[in-house]
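In what follows, a single structure is set out as structure tokens and then discussed.
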Amino acid sequence: MAFRIPRIPPGSPIPTGSGRILGQMMYDTAQVSSPLIPAGDVEVVLLGEQGAHITCRVSDLQGDFEFSNMAYGTYQLYPDVAGVTTSPMFITISEDEPVAGGFSLVISEEEVTYLSIGENGKDLFGATGCIYPN
């Protein structure tokens, strides 16, 4: 089943606020001796909680992307990588936690997985922790 991104009608307002979503796109070359490498020029689509298209960004040369001035709420991140299985990642920003960051979207030959590194350097969630099926 293909994942289809619904489009919002022209003129629909983008929710604004003081929240931010920060992340990084990375390539996994599947070589044990190689670290992950930044994935620049990858489109990351921001969807509402119910899947309505809000906006998109393209990762920079270091693989970084950012959505700023966002209203508090739950959003879906969907990296648009041709030929690779991808599921959206759900992220919630709130007054208590206005910035969601410290995670990487890792592109391998077969799928995109999600990796979050906590303050102590340990993996908080991996490929199945925050992925919801298409």
*Inter-site label distance for Glu66 and His53 at 7 Å from Cα along Cβ, in nm*: 2.5 nm
*asked:* Show me, for segment 72-87, the HN-Hα J-couplings you get by feeding each phi into the Karplus relation (A = 6.51, B = -1.76, C = 1.60, θ = phi - 60°), rounded to Hz, glycine and proline as x.
replied: 5, x, 9, 10, 10, 9, 9, x, 9, 10, 4, x, 10, 5, 9, 10
*Arrange the peptides 57-67, 95-105 so that the one whose residues have, on average, the most other Cβ atoms within 10 Å appears first.*
57-67, 95-105
*Given labels modelled 7 Å from the Cα in the Cβ direction, how far is it in nm from Glu109 to Phe90?*
3.3 nm
*Long-range HN-HN contacts of Gly17 with modeled amide H, under 5 Å*: Met70, Ala71
*Say each of Arg20 and Ile37 gets a label point 7 Å from the Cα, pointing the same way as Cα to Cβ; how far apart are those two points in nm?*
2.9 nm
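At 1.4 Å probe radius, can you tell me the per residue accessible area of segment 53-103 in Å²?
Working: 2450 Å² over 51 residues.
Accessible area per residue: 48 Å².
The values are calculated or read from the model by the stated rules, or taken from the named source; none is laboratory data. These numbers were taken from a predicted model, which means no experiment stands behind them. Glycine also receives a Cβ, built like all others from the backbone with ideal geometry; neighbour counts cover every protein chain displayed. The area values use the complete protein model at the heavy-atom level, side chains included, leaving out ligands, DNA and RNA. Shrake-Rupley method; radii C 1.70, N 1.55, O 1.52, S 1.80 Å.
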